Amino acid sequence: MSKIRMQVNCHITRKTDCRYISEKEIKALLRKINKNLKLKDTLDVSLVFVGNAEIRKLNNKWRKKNKVTDVLSFPYERNTGEVVISCPQAVKQAKKLKVDVKNEFRRLITHGILHLIGYKHFYKKDKDKMEKLENKILYDKF
């Protein structure tokens, strides 16, 4: 029996000086997410790293929340979309949580991609399920 490897496509745009996680590390994380979730279609993601002003503007436009957030996801089609991450907010959260900045970026990328493929956290049980899956992806060996 041959293994079918699903492709992962990633386009990275850095609209701010944000070099906490490399393109190589991002692509490795996306392959890990794809492998863990056993996606049947290609994972096609555009990652955009921005400053607080831009993410606040996007959050206000699309969610009617005029405040800075850490990550926004914009799904287009099945397993396809854009994840926008605020670099300053990610760094601030890492310091507040006393975690490695790179790990915070990995968590936000994973969180954003889970939203792209349909996970939501409106209710506590959904939030718990999503956090459990994030932790499995980030910390389990496959």
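The values are calculated or read from the model by the stated rules, or taken from the named source; none is laboratory data. Fair warning: this is a prediction, and the values are worked out from it, not measured in the lab. For neighbour counting, all protein chains shown are included, and Cβ atoms are generated from backbone atoms with ideal geometry for every residue, glycine included.
Does G81 qualify as being in contact with a helix residue (DSSP H, G or I) (Cβ under 6 Å, 6 or more places away or on another chain) and either over 16 Å from E134 (Cα atoms) or surrounded by 14 or more Cβ atoms within 10 Å (Cβ to Cβ) (or both)? So G81 fits the description; yes.
Quick grid of which residues meet (1) modelled with pLDDT of 90 or more; (2) closer than 19 Å to N9 by Cβ; (3) among the aliphatic types (A, V, I, L, M); (4) not in a helix (DSSP H, G or I):
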position	(1), (2), (3), (4)
V84	yes, yes, yes, yes
Q93	yes, no, no, no
K96	yes, no, no, no
V99	yes, no, yes, yes
R107	yes, no, no, no
H115	yes, yes, no, no
D128	yes, no, no, no
K141	no, no, no, yes
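Filtering the stretch 119-142 to residues that are within 14 Å of S73 (Cβ to Cβ), touching a residue at least 12 places away in the same chain (Cβ under 8 Å) and not aromatic (F, W, Y) leaves M130, E134. Inside the stretch 75-115, residues that are closer than 19 Å to N36 by Cβ and over 14 Å from the mean Cα position of the chain (by Cα) make up a count of 1.
Identify, from the list K67, K27, K35, K61, the residue that is surrounded by fewer than 18 Cβ atoms within 10 Å (Cβ to Cβ), at pLDDT 95 or above and outside any loop (DSSP other than H, G, I, E, B).
After ruling out the rest, the residue left standing is K61.
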